[in-house]
1. Between Pro407, Pro416, Pro442, which is more than 16 Å from the ligand (Cβ to nearest atom), within 16 Å of Thr100 (Cβ to Cβ) and assigned to a loop (DSSP other than H, G, I, E, B)?
2. Within region 475-503, track down each residue that is crowded, with 24+ Cβ neighbours inside 10 Å and in a loop (DSSP other than H, G, I, E, B).
3. Do we have any residue at all in region 150-164 that's among the hydrophobic types (A, V, I, L, M, F, W, C), closer than 23 Å to Leu344 by Cβ, within 13 Å of the ligand (Cβ to nearest atom) and not in a loop (DSSP other than H, G, I, E, B)?
4. Can you tell me which residues in region 142-165 are among the charged types (D, E, K, R) and touching a Lys or Arg at 6+ places or on another chain (Cβ under 8 Å)?
5. Out of Asp251, Asp231, which single residue is touching a residue at least 60 places away in the same chain (Cβ under 8 Å) and either farther than 18 Å from Gly461 by Cβ or acidic (Asp, Glu) (or both)?
6. Give the residues of region 422-437 that are more than 10 Å from the ligand (Cβ to nearest atom), of a type in the set (Phe, Trp, Tyr) and in contact with a His (Cβ under 8 Å, 6 or more places away or on another chain), sorted by residue number.
7. Take region 445-468 and flag every residue that is part of a loop (DSSP other than H, G, I, E, B) and either β-branched (Val, Ile, Thr) or more than 18 Å from Arg184 (Cβ to Cβ) (or both).
8. Of the residues Glu2, Glu35, Glu106, only one is farther than 20 Å from Ala166 by Cα and modelled with pLDDT of 95 or more; which?
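The values are calculated or read from the model by the stated rules, or taken from the named source; none is laboratory data. Just so we're clear, the structure is a prediction, and the values are computed from it rather than from any experiment. With ideal geometry, Cβ positions are generated from the backbone for all residues, glycine too; neighbour counts draw on all protein chains shown.
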Amino acid sequence: MEKLSCDVIVVGAGNAALCAALSAQEQGASVMVLERAPQDKRGGNSAFTGGGFRTVYNGLDDIKTIVPDITEEEIANSDFGQYTLENYLDDLGRITQYHTDPDLAETLASCSTDTIRWLRSKGIRFQLKYGRQAFKHEGRFKFWAGIIIAASGGGRGLVDAQFKAAEKLGIPVRYNAHATELLRGPAGVEGVRVLLDGVEREIRANAVVLACGGFEANREWRARYLGAGWDLAKVRGSRYNTGDGIRMAIDIGAQPYGQWSGCHSVSWERHAPDFGYVDAHTTHTSGERHCYQFSIMVNAEGRRFVDEGADFRNFTYAKYGRIVLQQPGSFAWQVFDTQGTPYLRDEYKAKGTTKVRADTLEELADRMEDVDGTQFLKTVREYNAAIKREVAFNPNIKDGLCTVGLPINKSNWATPIEKPPFEAYSVGTGITFTFGGIKIDPTTRVLDMADTPLPGLYAAGELVGGIFYFNYPGASGLMNGSVFGRIAGREAGSYARGNRKPI
Ligand SMILES: Cc1cc2nc3c(=O)[nH]c(=O)nc-3n(C[C@H](O)[C@H](O)[C@H](O)COP(=O)(O)OP(=O)(O)OC[C@H]3O[C@@H](n4cnc5c(N)ncnc54)[C@H](O)[C@@H]3O)c2cc1C
């Protein structure tokens, strides 16, 4: 029978896990990756992403080390600015209402650029995120709000490159491998119990890295910890992240940490399937409705309920899903006129989009059947009348084109809704990932209730609590998984090889 043991077991096969596996191997450790999904569904939420990474960069010289094929034309036409360590930490602090764990936040931000270069050394390629993070305005691009790069090929491209790197190094990945329990012995964690193709087995190891996601795909835990209504939210990504890693760790004494009632959630195609989907007509991101800052959003009562232009999209989209969920019927409509529609991303045209279009606002109101049409027309009239029209529109900056005197003002990009044809898109709530999890120290050792490390146990990625609260600065999830995954692999690999006798 095949020998089921190794130095380091990595549970999960998303970005955090694959970084951990590649990094543990650098320590000379024998590594085994256990992925619950079948091979064709591998890669977790990471595979569903647009591949955006929030990283520190101090101007063009840093960018050139990450995207060496940047062209002279791109350099001439673009304002890249910079995103310093201080900017990163300020954003993490401000966006999380200063709850973020300072040591974890510092590690995430300060290791970001070096980790991107390390990923490059493993064969992952990056490109500049034109269009989505820098609009062409008056002939020039200007990047805003901290995201400048994405992995080539998006999330799928990222994980495929990571799997390829793992394969090249001979790291085995076991699919249909559902970890269910951590094994303990005198020296601490000594392996995992796992269902391999449905058959229970034990796999022995000197160290285990948990990187198997949050509990966003667990309907019952969502209702239990996030609250009423969350059981009905749509899952944007993997169906396999049901909180197993968190439960397994807590079962042996790990400390629950972070905001268990909080999650990343967005405006999402209202009639999307229950889990992330992709087919011949749709991509992983087809359900996204991230251009609301150029719209007004109304609820079933025909009223606006949020400041659509409060900040750059990167700093609001992850908390607006919750606000949509709280509306009557848990849905809303994003309404655009021809000044907003040029900024709509491709996914607004995806098959399966719930959309209405009309040449007059009255017709539009009729077509949004579940909205109070009379109140909707009043809302639009009042909104248009409240706009400070003397301010110039600029999508690349917080332009101050706002409304004045409304119960809920729009702070930026408040173009009027008056030029037909009008388009409206219906959205519900898509949950991305959960914020609560287990506690680690900056070297990724899992801590117990007294903040003492549990020997042999490391964790990285979504299942770690304490970094994000209430909201999330866009594109820090992949960076978080890469930074802490790399550290977890290094620490677990070195522990398994050095500090502990093989079992
Ligand atoms: C649609 C979408 C778009 C996004 N876009 C971005 C973006 O552009 N930039 C960004 O930074 N973040 C983005 N995110 C967030 C990002 O996906 C996550 O922050 C990040 O991918 C989490 O990585 P992870 O490795 O912790 O988890 P995952 O990538 O979800 O990996 C978890 C793995 O664990 C496996 N698993 C679960 N349970 C078990 C078990 N019991 N045994 C074995 N394996 C198990 C799963 O199958 C999966 O492979 C997006 C998310 C979604 C859903």
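1. The conditions single out Pro442.
2. Listed by number, the list holds a single entry, Ala475.
3. Looking only at region 150-164, we keep the residues that are among the hydrophobic types (A, V, I, L, M, F, W, C), and these are 150-151, 158-159, 161, 163.
From what's left, closer than 23 Å to Leu344 by Cβ: 150.
Adding the requirement that they be within 13 Å of the ligand (Cβ to nearest atom) leaves 150.
Then drop every residue that is not not in a loop (DSSP other than H, G, I, E, B), which leaves 150.
Scanning region 150-164 turns up at least one residue that is among the hydrophobic types (A, V, I, L, M, F, W, C), closer than 23 Å to Leu344 by Cβ, within 13 Å of the ligand (Cβ to nearest atom) and not in a loop (DSSP other than H, G, I, E, B).
4. Passing the criteria: none in range.
5. When all the criteria are applied, what remains is Asp251.
6. Within region 422-437, Phe435 is the sole residue that qualifies.
7. First pass over region 445-468, keeping only residues part of a loop (DSSP other than H, G, I, E, B): 449-452, 460-463, 465-468.
Passing the criteria: Asp451, Thr452, Ala460, Gly461, Glu462, Leu463, Gly465, Gly466, Ile467, Phe468.
8. Testing whether each residue is farther than 20 Å from Ala166 by Cα and modelled with pLDDT of 95 or more leaves just Glu106.
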